[in-house]
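Take a look at the structure set out below.
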Amino acid sequence: MIKISPSILASDFANLERESKTMVAAGADMLHVDVMDGHFVPNISLGAPVVAALRPKLPITFDVHLMITNPLQYLPDFVKAGSDIITFHYESDDDPREVIRAIRAAGKRVGVSVKPKTPAQEIFPLLEEVDMVLVMTVEPGFGGQKFMDDMLPKIRQIREKANALGKTDLDIQVDGGIADATAPLVAAAGANVLVAGSSLFRQDDYAAGILKLRRAAEE
Ligand code: DX5
Ligand code: ZN
């Protein structure tokens, strides 16, 4: 089953509530929130106060992607804000096992993300401890970039390793350049959670956009 997680980074921030509600009503499975600290990535987006403001208005899973150098330091804020899935970067400054433990202790679902240059093998030892792996299909930091198809083998390697470990329920999320043309490729490689920013938010009809993307992935 394919899950679609629209990235609100591509929405009209002046109308964030309306945009998010429209996307939820259009059939999104969750909402992807990109948190950037201007340090781990060369861009600043939004933080926990925005999640806290939006969360009570939307009965949907909040899929929070922390592109920040110190996830442990800010984790309590994102927990309190009402995040449901918290994904941190393997390349952050904190010890991945410690971050995983802290997210679990807070009762949240755990995702670990890898940047394009990080090989799949690096996170194999963590697969049994997480609910989701996020394979970045662009360099994190900005929406609207071109999908990197050399990430497809990485998705496949992680899916194969998870299956070999008996962890067939591992979610594999992809993020960056996901659109109707790239969705079938990532799904065939083993991804089941698709983040899409610009390709969805630039459509006039969000419901039609989600439906098309889902169909493309499920082909
Ligand atoms: C990039 C972010 C993505 C971004 C995707 O650093 O993590 O979630 O919003 O945007 P698109 O779908 O436009 O590539
Ligand atoms: Zn993201």
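No value in this document is a laboratory result; all are computed from the given coordinates. What you see is a predicted model, and the numbers here were worked out from it, not measured in a lab. Here the Cβ is made from the backbone with ideal geometry for all residues, glycine too, and neighbour counts use every protein chain on show.
Figure legend. Inter-residue proximity from region 136-154: first residues more than 24 Å from residue 68 (Cβ to Cβ) and away from ligand 1 (no atom under 13 Å from the Cβ), second residues part of a loop (DSSP other than H, G, I, E, B) and of a type outside the set (Gly, Ala, Ser), beta-carbon distance below 9 Å, spacing 6+ or different chains. Indicated pairs: 149/137; 149/182; 150/116; 152/137. Looking at 158, 172, just one residue is in contact with a helix residue (DSSP H, G or I) (Cβ under 7 Å, 6 or more places away or on another chain), assigned to a strand (DSSP E or B) and more than 14 Å from ligand 1 (Cβ to nearest atom), and that residue is 172.
Number of residues in region 161-182 that are touching a strand residue (DSSP E or B) at 6+ places or on another chain (Cβ under 8 Å), more than 16 Å from ligand 2 (Cβ to nearest atom) and within 22 Å of residue 142 (Cα to Cα) equals 0.
I want to confirm something. Restricting to region 1-12 and keeping residues that are part of a strand (DSSP E or B) and crowded, with 20+ Cβ neighbours inside 10 Å, which single residue is nearest to ligand 2 (Cβ to nearest atom)? Walk me through it before giving the result.
First, pick out the residues of region 1-12 that are part of a strand (DSSP E or B): 3-7.
Subsequent filtering for residues that are crowded, with 20+ Cβ neighbours inside 10 Å retains 4-7.
Working: 4: 13, 5: 9, 6: 11, 7: 6 Å.
So, considering only residues that are part of a strand (DSSP E or B) and crowded, with 20+ Cβ neighbours inside 10 Å, the one nearest to ligand 2 (Cβ to nearest atom) is 7.
What tally of residues in region 41-62 results from selecting those that are without any contact (Cβ under 8 Å) to a residue 60 or more places away in the chain and either within 14 Å of residue 88 (Cα to Cα) or in contact with a strand residue (DSSP E or B) (Cβ under 9 Å, 6 or more places away or on another chain) (or both)? The qualifying residues number 13. Within region 13-32, the only residue that satisfies the criterion of being acidic (Asp, Glu) and either within 13 Å of ligand 2 (Cβ to nearest atom) or in a loop (DSSP other than H, G, I, E, B) (or both) is 29. Listed conditions (1) polar (S, T, N, Q); (2) crowded, with 18+ Cβ neighbours inside 10 Å; (3) part of a helix (DSSP H, G or I) are all met by residue 163, apart from (2).
Within region 184-197, how many residues are in contact (Cβ under 8 Å) with a residue 40 or more places away in the chain and either crowded, with 24+ Cβ neighbours inside 10 Å or not in a loop (DSSP other than H, G, I, E, B) (or both)?
Total meeting the criteria: 8.
Within the span defined as region 28-42, every residue fails to be of a type in the set (A, V, I, L, M) and more than 16 Å from the chain's Cα centre (by Cα).
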